[in-house]
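Enquirer: Can you keep this structure in mind? I'll have questions shortly.
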Number of protein chains: 2
Amino acid sequence: MALIVQKYGGTSVGSTERIRNVAKRIARFRREGHKLVIVVSAMTGETNRLIGLAKEIQANPDPRELDVVVSTGEQVTIGLLAMALKEEGVNARSYTGGQVRILTDSAFTKARILNIDEKKILADLDEGQVVIVAGFQGVDEEGNITTLGRGGSDTTGVALAAALCADECQIYTDVDGVYTTDPRVVPEARKLDKITFEEMLEMASLGSKVLQIRSVEFAGKYKVKLRVLSSFQEEGEGTLITVEEDISMEQPIISGIAFSRDEAKLTVLGVPDRPGIAYQILGPIADANLDVDMIIQNVGRDGTTDFSFTVNRPEFEKAKAVLEKVKEHIGAREVIGDRSICKVSAVGVGMRSHPGVASKMFRVLAEEGINILMISTSEIKISVVINEKYLELAVRILHKAFDLDQID
Amino acid sequence: MALIVQKYGGTSVGSTERIRNVAKRIARFRREGHKLVIVVSAMTGETNRLIGLAKEIQANPDPRELDVVVSTGEQVTIGLLAMALKEEGVNARSYTGGQVRILTDSAFTKARILNIDEKKILADLDEGQVVIVAGFQGVDEEGNITTLGRGGSDTTGVALAAALCADECQIYTDVDGVYTTDPRVVPEARKLDKITFEEMLEMASLGSKVLQIRSVEFAGKYKVKLRVLSSFQEEGEGTLITVEEDISMEQPIISGIAFSRDEAKLTVLGVPDRPGIAYQILGPIADANLDVDMIIQNVGRDGTTDFSFTVNRPEFEKAKAVLEKVKEHIGAREVIGDRSICKVSAVGVGMRSHPGVASKMFRVLAEEGINILMISTSEIKISVVINEKYLELAVRILHKAFDLDQID
């Protein structure tokens, strides 16, 4: 008997029929004697429908009120799933984020979880209840409804698993695990049985959409055993995301090739080259709640330098507007941008002990005539920004070059 | 400058365009300097959509979970209306029932308001905010989401007006006031400028759908000035619902003819005629949260009696099932029912000082050959249950017989 947190995404609960199927699956786990906490997303399309309504009223909806509206999506699902479980003869009780109390900061539409009150949930579990919690949402200190941003239901699941000291957090999705790369781009992509938190973090941050990045961070930080599984298949162990020690010694150098189309590049040209300039540029960007990814500052010349960074493509216009103001303020020359870029990355803890991965990656890309626009490296990943049109080609040749299509 | 609570029903906020129109109206009131608390319903059709989803899962949805699902309807509207007000340049902030804290009992799907915490609202009003509150919902002591039952948004509005000592509670709807009867049945029906709480209470309880009965009770009890207005017309004073002293001396005998189609009759035949039998029959009905309207017990014969009462038609099957059990328990002979009945009533505080209203009513119905199945009277109303097919005819002839089509 284990305490398991299961999270079901929007497609898994996309219709009342699917909700009934999820309830049947949960009922089987319950009959095995497990204590279960279930986190659910809004039914597919519901969040977009709600955002659409908001945008009919305000082009840029007020963030506090947007969270009030959007958080209803998950609230509908928790109630429906609780009913479906009762139909299966399973005791169940639903909670919104505010009811649990999942305390967050007040950054509406992208709030962070500060604390979870686990008392009600533990009491319900002891009573034999399956506890159903709305993903993606919480409340701030003042009781305002907040949401964690897109994909935040994964974070809710992992945070609950951490708060409850759960044995495992299972993320049910429409794929059966984590792959070496997207099988739609490379048909030879293989499912990984295990992957380390660090690798998964890099994969997630680089656009592998299986798990939301913050949920992996959380899981790594609190040592939550995380498993990705398909909610549409009865069998299969999925992919276990775990600490490095649990991974076999025969670690491949590269575990996967991740990519992200959703990128845009901004460059401030002719920035006065003086201390503190990076902060003067990125401070206002952070204040506008914009996430910056790669940052590059070229060596200065004639007392000025060029400063580039990438943002999520949907935030390009907002970031550009901020930079136009910054430009005036700091006396830079010009702001330019490029929205037709993408990012491709090789990820693997094995590269720590195997030098030469970067040079091999650059060589493979050069052989195909793919121009590298930006480079960024960490201990376990190498990312390049390239023109969007080369994305599929780059992923395929890197997947092959690092032998990811070989059966182990 | 007054403190006004305004309530807008589902059709008034039935689309984003209508929500924008409501926001424009509120903005005008705000510019006149009034302090405003706005209560809104779910957008038309939304509550039914949500109940439909629930019924796809459970034929009889679990009441606690149904409230979790259904309460999202109003939550969407409050967020959208707050956005629309911000677009109009008006400061606004939305609250769910739980956020305000509208404390109710735990009778899910038909909870009653116990207390309203007015602190947040008063603080917001002092700040110059328009406060928007989700109608129809609250939370119980344990923090479970509750709903007040259909039409409960009116009750929310009146209860807020009482708690805040508001100068007036304005109920915006798709009609421009309270009529002597339904104009769809009697084209000569006239709008009333004023009506007493007691009359309105009888009218509402008898099926005049303008206001929910509990809201009128509440308004009468706490002396809240209540006004019914159209949200689709710019002009018009609507109908003021007020205490009797505010009504002119020249009170007509009858103020209106109310009716209700939504009725069903149940009779327990051959009930042992002993003390406590009414409680033994109606106790289980009350325990099942079924509202009973008219109750008739015939004089006993041969040691047994027949016991009849009416319920809302949608609750007929449930009530019948309860009675079948009661029948076994008390040793009655048979349970019979009739779902094709309706109720027609003449209402007016004037009948207190004018005897003969009942006999006139019975005579008028008899002249048209309409058989009376049940009779019930109060100080200010006379109700008869008749076969549903005579409803329109009965209403028309009574409206005319009591001179309600005369201009005053």
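Enquirer: Scan chain A and note any complete DSSP helix (H) whose C-alpha atoms cover at least 18 Å along its axis and whose Kyte-Doolittle average is -0.5 or more. List each step's numbers first, then the result.
Expert: Values: long enough: A:16-31 (22 Å, -1.19); A:72-87 (23 Å, 0.56); A:316-330 (20 Å, -0.41).
Helices meeting the criterion: A:72-87, A:316-330.
Enquirer: If you bin every alpha carbon distance in segment A:274-408 into 10 Å steps from zero, what whole percent lands in each bin?
Expert: 10, 35, 30, 20, 5, 1
Enquirer: Would you please put A:121-130, B:94-103 in order of how densely packed they are, using the mean number of other Cβ atoms within 10 angstrom per residue and starting with the highest? Mind showing how you got there, number by number?
Expert: Values: A:121-130: 16.1, B:94-103: 24.9.
Top to bottom by mean Cβ count within 10 Å: B:94-103, A:121-130.
Enquirer: How many angstrom lie between the C-alpha centres of segment A:251-283 and segment A:128-202?
Expert: Segment A:251-283 and segment A:128-202 have Cα centres separated by 26 Å.
Enquirer: State the Cα centre-to-centre distance between segment B:327-394 and segment A:93-123 in whole Å.
Expert: Using only Cα atoms, the two centres lie 54 Å from each other.
Enquirer: Still on this structure: For A:69-75, what's the mean count of beta carbons from other chains sitting within 10 Å of each residue's beta carbon? Numbers along the way, then the final one.
Expert: Values: counts 10, 2, 5, 10, 2, 1, 6.
Average per residue, whole number: 5.
Enquirer: To one decimal in nm, how far is residue A:222 from the same spot in the other copies, if labels go 7 Å from Cα toward Cβ? Please give the shortest first.
Expert: Those label-point separations list as 4.1 nm.
Enquirer: I would also like to ask the following. As a check on your reading of the symmetry: which chain B residue has its Cβ nearest the axis that brings B onto A, and how far is it in Å?
Expert: Smallest Cβ distance to the axis, with its residue: B:72, 2.
Enquirer: Calculate the mean, over all residues of peptide B:138-145, of how many other protein chain Cβ atoms lie within 10 angstrom of the residue's Cβ.
Expert: Mean shielding count: 3.
Enquirer: Placing the label point 7 Å from Cα along the Cα-to-Cβ direction, what are the distances from residue A:32 to the equivalent spots in the other copies, shortest first, in nm to one decimal?
Expert: For residue A:32, the inter-copy label distances come out at 6.5 nm.
Enquirer: What's the ranking of A:48-60, A:135-147 by average number of surrounding C-beta atoms within 10 Å, highest first? Could the numbers behind the result be given before it?
Expert: Numbers: A:48-60: 16.1, A:135-147: 23.3.
Descending packing order for the listed peptides: A:135-147, A:48-60.
Enquirer: I want to check the label-to-label distance for residue A:334 and residue A:400. Put each point 7 Å from Cα in the C-beta direction and report it in nm to one decimal.
Expert: Output for this residue pair reads 3.9 nm.
Enquirer: Let me check I've understood the local charge: for residue A:80, count other residues with C-beta under 12 angstrom from its C-beta, Lys and Arg +1, Asp and Glu -1. What total comes out? Walk me through the intermediate numbers first.
Expert: Working: positive: A:18, A:20, A:86, B:55; negative: A:17, A:46, A:74, A:87, B:56, B:62, B:65.
Net charge in that neighbourhood comes out at -3.
Enquirer: While we're on this one: Can you report the principal axis dimensions of chain B using only the alpha carbons, biggest first, rounded to whole angstrom?
Expert: For chain B, the Cα extents along the three principal axes come out at 74, 52, 33 Å.
Enquirer: Can I ask one more? Any idea how far apart residue A:301 and residue B:320 come out in nm if each label point goes 7 Å out from Cα toward Cβ?
Expert: Computed distance between label sites residue A:301 and residue B:320 equals 9.0 nm.
Enquirer: Taking all protein chains in place and a 1.4 Å probe, what share, in percent, of the accessible surface of segment B:3-174 do carbon and sulfur account for?
Expert: Numbers: 2530 of 5590 Å².
Ligands and nucleic acids excluded, carbon and sulfur give 45 percent.
Enquirer: Another question, if that's okay. Would you compute, from DSSP H runs of 4+ residues alone, the mean residue ellipticity of chain B at 222 nm, taking -39500 (n - 2.57) per run and dividing by the full residue count, rounded to the nearest 500? List each step's numbers first, then the result.
Expert: On the way: 13 runs with 142 residues, N = 408.
Helix-only estimate at 222 nm: -10500 deg cm²/dmol.
Enquirer: Dipole size in debye (nearest 20) for segment A:45-177 around its Cα centre, Lys and Arg Cβ +1, Asp and Glu Cβ -1? Please list the in-between numbers first.
Expert: Values: 11 positive and 22 negative charges, 62 e Å.
The calculated dipole for segment A:45-177 is roughly 300 debye.
Enquirer: OK, next. Take every residue in peptide B:89-96, count the Cβ atoms of other chains within 10 Å of its Cβ, and give the average of those counts.
Expert: Mean partner shielding for this stretch: 3.
Enquirer: List the distances, in nm to one decimal, from the label point of residue A:317 to the label points of the same position in every other copy, shortest first, placing each label point 7 Å from Cα along the Cα-to-Cβ direction.
Expert: Once sorted, the set of distances for residue A:317 reads 5.2 nm.
Enquirer: Can you give the local net charge around residue A:349? Use residues other than it whose beta-carbon is closer than 9 angstrom to its beta-carbon, Lys and Arg +1, Asp and Glu -1. Don't jump to the answer; show the numbers that get you there.
Expert: Working: positive: A:352; negative: A:198, A:199, A:244, A:379.
Summing Lys/Arg as +1 and Asp/Glu as -1 gives -3.
Enquirer: Label-point separation (nm) for residue A:1 and residue B:185, each offset 7 Å from Cα along Cα-to-Cβ?
Expert: If labels sit at residue A:1 and residue B:185, their model points lie 6.0 nm apart.
The values are calculated or read from the model by the stated rules, or taken from the named source; none is laboratory data. Only a predicted model underlies this, so the values are computations on that prediction, with no experimental measurement involved. No Cβ is skipped: glycine too gets one built from the backbone with ideal geometry, and neighbour counts run over all protein chains shown. Accessible surface areas use protein heavy atoms only, side chains included; no ligands, DNA or RNA. Shrake-Rupley method; radii C 1.70, N 1.55, O 1.52, S 1.80 Å.
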